[in-house]
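Visitor: The structure's right below; bear with me while I get my questions together.
The values are calculated or read from the model by the stated rules, or taken from the named source; none is laboratory data. Model, not experiment: these values are computed from the prediction. Here the Cβ is made from the backbone with ideal geometry for all residues, glycine too, and neighbour counts use every protein chain on show.
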Amino acid sequence: MTVIRWLVLGLSCLFLLSGCSFTNGSTAGKTLTVAVEPTFPPFEFQSASGELQGFDIDLMNAIAQSADFQVKYQNMPFAGMIPALQTQTVDAAVAAMTITAERAKIISFSRPYFKSGLAIATRTDNQNITNFDSLKNKIIGVQIGTTGALKAKNLPGSEIRTFNDSPLTLQALINGNVDAVLNDQVVILYGIKSGNLKRLKVVSSLLTEEFYGIPTPKGSPNLNLINQGLATVLKNGTYAQIYQKWFGIQPPQLPEKSPIENQIPEKGVSELFISLNIILKSLPVLLGGALVTLELTALSVLLGIVGGSLIGIVRLSPALPLRFCAGAADCSRKLSLV
Ligand code: GLN
């Protein structure tokens, strides 16, 4: 008997272990569809031969390699990425996307992978735009759906012109169609340095401190995989190598969590809290209702017993009219029950 017991136990352990190794191995060879807008150098852009390249691309490829998954890039406009993530048309995006509280309500971000910020770009001959306040009453160019577009809303009296992508926005500035552009500082500086943005300059210091994250749909099982890969490349020096390749300097220290994430309560926790709060608030009314139901039930049982017994007694009476009346009452009672 004991032998059989040990045999069953052993087999169960083997089964469990094989199950575990199957689960671990199930991510291998998995392909993630990753949205990209290759018009944001040095993060994502296309070489003359059409090859996808940039800091984000190198980083995503390194993450995929260390977390053992494949990447299939899908081109789409930046403004279309969040809807595509929400409908799970794509599994993730690499788009120099800033982790913001608003976005984090509808999609999930990986840990921060790049420290960034907004800056003002203007033409080299413009002397009167020197800081954010001097943008009042000016014509500002922004890319649709970006943090730059959001920041521009705080400027009273300015005319905001929106463009589909960053190169179009900066081209409008070069052409004199807008007075200034609000964009990620690194992108403006890279454009100026590489000679693509002639006669432009960056004004003053950073307007914001932002962190980029890799977004996934809410509740995506791939987020863990991406975070694991990111943690590995940050630790084993691959991240620093990629950073050095694109920016020529050592990367700054990155926080494990974006500062804005501390302001967002975990969705599950907040929903549970809200539900409990509603239940607690309604508890007195619900208990009052339950008490009335109990009272009514007790009353109907009592009336049923008393009424039924009375009719029963009268139906046994020797007087025919009384028996007839009790019968009729009983009939109507039964009919009303039907
Ligand atoms: N970092 C900015 C944002 O998230 C711009 C990103 C982009 O245009 N690709 O809004």
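Visitor: Hey, Lys245 hits all of (1) away from the ligand (no atom under 16 Å from the Cβ); (2) in a helix (DSSP H, G or I); (3) under 30 Å from Ile106 (Cβ atoms) but one; which does it fall short on?
Guide: Against the list (1) away from the ligand (no atom under 16 Å from the Cβ); (2) in a helix (DSSP H, G or I); (3) under 30 Å from Ile106 (Cβ atoms), Lys245 comes up short only on (3).
Table: residues versus (1) out of contact with any helix residue (DSSP H, G or I) (no Cβ under 9 Å at 6 or more places or on another chain); (2) at pLDDT 95 or above; (3) of a type in the set (A, V, I, L, M, F, W, C); (4) more than 30 Å from Ser66 (Cα to Cα).
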{"residue": "Glu159", "(1), (2), (3), (4)": "yes, yes, no, yes"}
{"residue": "Leu170", "(1), (2), (3), (4)": "no, yes, yes, yes"}
{"residue": "Gly176", "(1), (2), (3), (4)": "yes, yes, no, yes"}
{"residue": "Ala180", "(1), (2), (3), (4)": "no, yes, yes, yes"}
{"residue": "Leu207", "(1), (2), (3), (4)": "no, yes, yes, yes"}
{"residue": "Thr232", "(1), (2), (3), (4)": "no, yes, no, no"}
{"residue": "Lys235", "(1), (2), (3), (4)": "yes, yes, no, no"}
{"residue": "Thr238", "(1), (2), (3), (4)": "no, yes, no, no"}
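Visitor: Next question, about the same structure. Of the conditions (1) under 30 Å from Ile106 (Cβ atoms); (2) over 24 Å from the mean Cα position of the chain (by Cα); (3) part of a strand (DSSP E or B), Asn183 fails just one. Which one is it?
Guide: The single condition Asn183 does not satisfy is (2).
Visitor: Within the bounds of region 70-77, is there any residue that is within 12 Å of the ligand (Cβ to nearest atom), closer than 23 Å to Ala231 by Cβ and under 20 Å from the mean Cα position of the chain (by Cα)?
Guide: no
Visitor: Can you tell me which residues in region 78-121 are touching a Leu at 6+ places or on another chain (Cβ under 7 Å) and more than 10 Å from the ligand (Cβ to nearest atom)?
Guide: Within region 78-121, Asp91, Ala92, Ile107, Ser108, Ser110, Arg111, Pro112, Tyr113, Lys115, Ala119, Ile120, Ala121 meet the criteria.
Visitor: Those residues that are closer than 17 Å to Thr122 by Cβ and in a strand (DSSP E or B), I need them from region 154-176; list them, please.
Guide: Result: Glu159, Ile160, Arg161, Phe163.
Visitor: Let me ask something additional. Being touching a Pro at 6+ places or on another chain (Cβ under 6 Å) and farther than 20 Å from Phe45 by Cβ is the filter here, so list the residues in region 237-252 that pass it.
Guide: Applying the first criterion (touching a Pro at 6+ places or on another chain (Cβ under 6 Å)) to region 237-252 yields 240, 243, 246.
Once the filter is applied, which keeps residues that are touching a Pro at 6+ places or on another chain (Cβ under 6 Å) and farther than 20 Å from Phe45 by Cβ, region 237-252 yields only Ala240.
Visitor: Kindly indicate the residue of region 144-157 that is more than 18 Å from Phe43 (Cβ to Cβ) and buried (at least 16 other Cβ atoms within 10 Å of the Cβ) and also farthest from the ligand (Cβ to nearest atom) among those meeting that condition.
Guide: It comes out as Leu155.
Visitor: Same structure, new question: Quick one: is Ala231 free of Cβ contacts under 8 Å to residues at least 24 places away in the same chain and either away from the ligand (no atom under 16 Å from the Cβ) or in a helix (DSSP H, G or I) (or both)?
Guide: no
Visitor: Considering only region 158-171, how many residues are touching a strand residue (DSSP E or B) at 6+ places or on another chain (Cβ under 7 Å) and surrounded by fewer than 18 Cβ atoms within 10 Å (Cβ to Cβ)?
Guide: The qualifying residues number 5.
Visitor: Next question, about the same structure. Given the residues Ala95, Ala121, Ala79, Ala67, which is the only one that is of a type in the set (Gly, Ala, Ser) and more than 22 Å from Leu168 (Cα to Cα)?
Guide: Going through Ala95, Ala121, Ala79, Ala67 in turn, the sole match is Ala67.
Visitor: Sticking with this one: What are the pairs with Cβ atoms under 6 angstrom where one residue, in region 41-68, is more than 22 Å from Asn196 (Cβ to Cβ) and among the aromatic types (Phe, Trp, Tyr) and the other, located anywhere, is away from the ligand (no atom under 14 Å from the Cβ) and not in a strand (DSSP E or B)? Sequence gap at least six, or different chains.
Guide: Taking only residues 6 or more apart or on different chains, not a single pair turns up.
Visitor: Which residue out of Ile140, Ile160, Ile174, Ile192 is without any contact (Cβ under 8 Å) to a residue 60 or more places away in the chain, of a type in the set (A, V, I, L, M, F, W, C), more than 13 Å from the ligand (Cβ to nearest atom) and more than 27 Å from Gly80 (Cα to Cα)?
Guide: Result: Ile192 is the single residue among Ile140, Ile160, Ile174, Ile192 that is without any contact (Cβ under 8 Å) to a residue 60 or more places away in the chain, of a type in the set (A, V, I, L, M, F, W, C), more than 13 Å from the ligand (Cβ to nearest atom) and more than 27 Å from Gly80 (Cα to Cα).
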